[in-house]
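Student: I'd like to ask some things about the structure below.
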Amino acid sequence: MQCPHSNNNPREKLSDKLELEPLQVKFWFQNKRTQLKTWDEHHKNSIFCTENDELRAENMMYKEALTNACCRAGGRAIVAGISSNEHCLKVENARLREQIDDLAAIVTELVGKPLLDDVTFPFYCFSNNGYRGCSKN
């Protein structure tokens, strides 16, 4: 009974000892192997299901992080439509425009007149072809 695939001799000894037919012993071992195989498959399946659930949760976490991603300029990255890098550039551009407007207001207040009348600063916008100059408005 050392090997689950017993040959005729141990099977006959076992059948005599248990007072069963040798064919019954053979079928018992076949059924036992099938049960063990089925149990092993169920066990592996449950492990795979657990791993799948963990990966699904991790994937959802990454999707959520990507959806709520922020660039260094403080703006929210937009996943669909434009790249995160492009969004960061647009946010940084808007922040710089505000700073220029604030500085122009301070200079106007100190000097008493606008420093630059109708002069637009070159702002850079991002397009599909690369960077291009564009006006403030």
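Student: Restricting attention to region 9-38, and to residues there that are of a type in the set (A, V, I, L, M) and part of a helix (DSSP H, G or I), which single residue is least open to solvent (accessible area, probe 1.4 Å)?
Tutor: Step one: of region 9-38, the residues of a type in the set (A, V, I, L, M) are 14, 18, 20, 23, 25, 36.
If we keep only those that are part of a helix (DSSP H, G or I) as well, we get 14, 18, 23, 25, 36.
Numbers: LEU14: 36, LEU18: 99, LEU23: 97, VAL25: 5, LEU36: 106 Å².
For region 9-38, the residue satisfying everything is VAL25.
Student: Sticking with this one: Within region 32-54, does at least one residue satisfy the condition of being at pLDDT 90 or above and either touching a Ser or Thr at 6+ places or on another chain (Cβ under 7 Å) or aromatic (Phe, Trp, Tyr) (or both)?
Tutor: yes
This table checks each residue for (1) of a type in the set (Gly, Ala, Ser); (2) open to solvent by 60 Å² or more (accessible area, probe 1.4 Å); (3) at pLDDT below 75; (4) out of contact with any Gly (no Cβ under 8 Å at 6 or more places or on another chain).
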site	(1), (2), (3), (4)
ARG56	no, yes, no, yes
MET60	no, yes, no, yes
GLU64	no, yes, no, yes
ASN68	no, yes, yes, yes
ILE78	no, yes, yes, yes
ILE100	no, no, no, yes
ALA104	yes, no, no, yes
SER127	yes, no, yes, yes
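The values are calculated or read from the model by the stated rules, or taken from the named source; none is laboratory data. Keep in mind that this is a model prediction, so the values were computed, not measured. Every residue, glycine as well, gets a Cβ built from its backbone with ideal geometry; the counts of neighbours run over all protein chains shown. Just the protein is used for accessible areas: all its heavy atoms, side chains included, with ligands, DNA and RNA removed. Shrake-Rupley method; radii C 1.70, N 1.55, O 1.52, S 1.80 Å.
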